[in-house]
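Student: Here it is, the structure in full.
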Amino acid sequence: MKTILILNNAIQDYAWGSTTAIPELMGLAPTGFPQAELWMGAHPKAPSRLREAADDISLIDWIGRHPEATLGKSAAERFQNQLPFLFKVLAAAEPLSIQAHPSREAAREGFERENRQEIPLNAPHRNYKDPNHKPECICALTAFWALSGFRRVSDIIGLGRKLCPDALRAEWDTLESAPDPDGLKRFFRYLMTLTDDRRAAVIQETVANAAAQQDDNPICRWILTLHKAYPEDIGVLSPMLLNLVCLEPGHAMFLPAGRLHSYLDGVGIELMANSDNVLRGGLTPKHIDVPELLNRLDFENREVRIIRPEQKDDHEWIYATPAEEFVLSVISIRDEATAEFTAESIQILLCTDGEVVFTVPQTDQRLEIAKGMSVVVPAAVESYRISGRGLLYKASIPLAPVTGAPAA
């Protein structure tokens with residue numbers, strides 16, 4: 001168990017994925033089809049497998065056989081012998097659905113309710129696939145466009161009166177008379193339940209005005225982009241309602257429960273609690289449950305906080321978040337240097353640039369890792385070294401609450 005192991009990981013071929021980004025990272029020839037997410041972890045849907053294991057065992061089964069040695073004693077106790085995070089590379093060539101994730105309490109209640117209703121776990125109209133919440137952190141590898149949380153109500157009204165002044169005139173007046181979270185919730189419910197004719201009129205006016213103002217306004221350009229992909233979906237108004245963000249490479253943001261969001265374009269490292277619960281609000285042919293979504297959304301204005309990594313030592317920088325299940329960090333090895341690390345709990349590392357060598361002093365293990373390769377470091381390894389020249393992203397479990405972490 002005192003051995004670092006190379007992972008073989010599944011690639012999810014969702015329609016919005018890039019045809020080139022993940023193959024380029026992995027050093028593979030493109031298939032010509034979208035490849036959206038590379039999953040590293042122990043999610044039942046697509047668990048990683050251990051390349052060196054004699055029986056091609058999955059990481060789920062490996063942890064099941066050796067929970068404390070793999071996860072670490074404390075993490076095994078806290079998370080019931082299960083890996084609490086899922087680590088991904090996300091490559092979006094087209095926008096993802098407008099969505100939010102439930103809180104832990106909401107997920108547990110929804111999962112139990114849908115079980116009592118005997119809705120199959122794989123049913124397309126099921127909202128809750130497991131009883132877990134799904135906070136997540138996205139860190140940009142390229143310029144990464146996203147929507148995150150509702151704008152200030154005053155900004156929504158200002159944009160709305162410019163882009164849809166007539167079709168929603170009465171609704172803007174009503175929202176202006178109650179510019180608070182309850183007023184915004186009522187306004188959003190109205191948009192989500194428009195009749196077909198009313199929805200078409202709102203979209204038509206908004207798109208026409210956005211086209212006239214697109215040259216100097218990325219909000220308008222994204223409205224047009226979303227309309228091209230989903231011409232009849234009220235979600236095309238999302239850039240007017242939600243904060244539009246472009247993360248620079250190396251910058252990140254955290255998405256707590258109830259935060260309405262969408263990833264629009266770019267390649268990033270994503271780290272999240274090990275859940276598959278998604279409540280969708282638009283820009284998708286998949287199931288949308290408007291009442292459930294409205295009950296779970298946070299309608300408070302939450303300023304988008306850009307997370308810049310905080311230096312831990314000469315080689316590692318940490319992205320501080322309030323998540324209990326995970327911590328993301330980036331490791332930079334330069335000029336053939338050698339850096340030492342401890343492994344008090346399980347770690348998964350992905351090399352995104354260069355070539356490095358992992359060594360384990362206890363066992364004299366030596367493992368060469370190149371761009372696109374990932375490894376799992378069991379807690380039993382205790383300490384290891386990385387040498388060479390490369391950039392790696394690391395997912396691990398916090399040993400204690402992260403101080404100074406942004407709440408949103």
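We did not get these values from a lab; they are worked out from the coordinates using the rules stated. No experiment lies behind these values; they were computed from the predicted model shown. With ideal geometry, Cβ positions are generated from the backbone for all residues, glycine too; neighbour counts draw on all protein chains shown.
Student: Mean 1/r over all different Cα pairs, inverted: what Kirkwood radius does the range 339-380 give, in Å? List each step's numbers first, then the result.
Tutor: Details: mean 1/r = 0.0906 Å⁻¹.
So the Kirkwood estimate lands at 11.0 Å.
Student: So what are the three principal axis dimensions of the range 310-396 from its Cα atoms, in whole Å, longest to shortest?
Tutor: 35, 27, 23
Student: If you take the alpha carbon radius of gyration of the chain and divide it by 2.2 N^0.38 Å, what ratio comes out, to two decimals? Could the numbers behind the result be given before it?
Tutor: Values: Rg = 22.4 Å, N = 408, 2.2 N^0.38 = 21.6 Å.
Relative to the 2.2 N^0.38 Å estimate, the chain comes out at 1.03.
Student: Compute the angle between helix 218-229 and the longest alpha-carbon principal axis of the chain, please, reported from 0 to 90 degrees and rounded to the nearest 10.
Tutor: 90
Student: Let me ask something else. Thinking of the range 1-152 as a set of Cα atoms, what percent of all their pairs are more than 27 Å apart? Walk me through the numbers on the way to the answer.
Tutor: Values: 4282 of 11476 pairs.
For the range 1-152, the fraction of Cα-Cα distances above 27 Å is 37 percent.
Student: Now for a separate question. For a protection proxy built on the mean count of beta-carbon atoms within 10 angstrom, sort 114-126, 33-45 highest first, please.
Tutor: Descending packing order for the listed peptides: 33-45, 114-126.
Student: If Rh is defined by the Kirkwood formula over all Cα pairs and Rg also comes from Cα, what ratio Rg/Rh do you get for the range 148-246? Could you put the intermediate results ahead of the total?
Tutor: Details: Rg = 12.5 Å, Rh = 13.4 Å.
Expressed as Rg/Rh, it is 0.93.
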